[in-house]
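Where a number appears in this text, it was derived from the coordinates with a stated rule and is not lab data. Quantities reported herein were computed from a predicted structural model and do not represent experimental measurements. Cβ sites come from the backbone with ideal geometry, for glycine too, and all protein chains shown count toward neighbours.
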Amino acid sequence: MNELMKDSHEADRELLVWLARRRVFTTADLAATAACDRRQAVLTAGRLAGLGFLRRVQRGVYAVVPLEARPDGFQPDPVLAVSAALGKQYAFSHFSALMLHGVSHQEHRTVHISAPGVRSRRLNVGTIPVHVHNVERKNWDSATSRVKRGGQELLVTTVERTLMDLLSLPADKQDYDELVNVFRSLLQRSDHPKLAVEASTWGTKAAQARLGHLLLHYGKTGGDKGIPFDGRTGDLATLKSPTYFGTRPRNPANRLDRVFNVIYPKVA
């Protein structure tokens, strides 16, 4: 602690409390909190990282190392790290949205983010792989909500948009069993009319057919609710050519849903 006290503005109680409450921050955040210039904030962060109190994520972004953790083995929260590095104009989406909604605890190494008017690409924040998705601006505001994580407010796609995002992925990026479980969980949380709007105005034809397949086979929610949309699954798109869902051509486990022309793997 004596090392921290060399310069009063670096070690005042307010700054130490702020650091203890943060999990990831930028040097710009630190400069504003410590009422110092950016250069001094960079020097302060670098010195605290050298002492093992911080872990550098990338230039200008640092994670606070818990006292019980070893600095050399500590991995920062990937969602908070990406938010700090890339800004809050992005919404966490796809598998990252599932995690933030508490639907899935399965680890997906890549962090997925979406925003209108951006270039779809892959990049890295430190050692964290990130997939950036470009989306249409139409209906974007209604397709996002906010969640709290690590004392911060993050933008995330709604459960309805998240489901359509996952159903729009190429078949070789999907795990059928995982998506069936995700669908069952999201269906309990979703606003069914809103899901219908997402499916009809945003989802691709293939995604609509996959949603129809899930509703047909797994859409019963218990009680007298039955299948959403009053059972009118026929309102969703069907395809002239079949779409693959979580499987590949010539897979011996393939089955065909003739209603929606969806090829899917046989479930044990």
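Between Ala20 and Arg109, how many nm apart are label points set 7 Å from Cα along the C-beta direction?
Spacing of the two 7 Å Cα→Cβ label points: 3.6 nm.
Counting other C-beta atoms within 10 Å, which of Ser241, Ser190, Ser142 has the fewest, and how do the rest follow?
Ser241, Ser142, Ser190
If you restrict to DSSP beta bridges whose two residues both lie in the chain, what percentage is antiparallel, to the nearest 5?
75
How tilted is helix 38-50 with respect to the longest principal axis of the chain? Cα atoms for both, answer in degrees (0 to 90, nearest 10).
Roughly 90 degrees between the two axes.
For Rg and Dmax of the Cα atoms in Å, the choices are (1) 22.6, 73; (2) 17.4, 54; (3) 26.8, 111; which was calculated from the structure?
This structure yields the entry labelled (1).
Most mobile of Thr110, Thr243, Thr201 per a Gaussian network model of the chain (Cα springs, under 10 Å)?
Highest fluctuation of the listed residues: Thr201.
Please tell me the relative contact order of segment 23-86 in percent, rounded to the nearest whole number, where contacts are Cα pairs under 8 Å and at least six residues apart.
So the answer I get is 38 percent.
Relative to the longest principal axis of the chain, what angle (0 to 90°, nearest 10) does the C-alpha long axis of helix 205-218 take?
Its long axis makes an angle of about 80 degrees.
How long are the three semi-axes of the equivalent ellipsoid of segment 77-157, in whole Å, if each is the root of 5 times an eigenvalue of the C-alpha gyration tensor, listed from largest down?
Largest first, segment 77-157 gives 17, 16, 12 Å.
Which peptide among 246-255, 203-212, 167-176, 148-157 comes first, and what is the full order, when sorted by highest mean count of other Cβ atoms within 10 Å?
Sorting 246-255, 203-212, 167-176, 148-157 by mean packing, highest first, produces 203-212, 148-157, 167-176, 246-255.
Under Stokes-Einstein, with the Kirkwood radius over Cα pairs standing in for Rh, what whole-number D in µm²/s applies to segment 59-217 at 20 °C and 1.002 mPa s?
The calculation lands on 130 µm²/s.
Quote the relative contact order of the chain in percent (integer), defining contacts as alpha-carbon pairs under 8 Å separated by 6+ residues.
That works out to 11 percent.
Which one of Thr144, Thr33, Thr158 has the biggest mean-square fluctuation once the chain is modelled by GNM with Cα springs under 10 Å?
Thr33
Residue-wise, which Karplus ³J(HN,Hα) couplings in Hz belong to segment 176-190, taking 6.51 cos²θ - 1.76 cosθ + 1.60, θ = phi - 60°, and x for glycine or proline?
Here the 3J(HN,Hα) series is 4, 4, 4, 6, 4, 5, 4, 4, 4, 6, 5, 4, 5, 9, 7 Hz.
By the scheme Lys and Arg +1, Asp and Glu -1, what is the net charge of all other residues having a beta-carbon under 11 Å from that of Gly60?
+2
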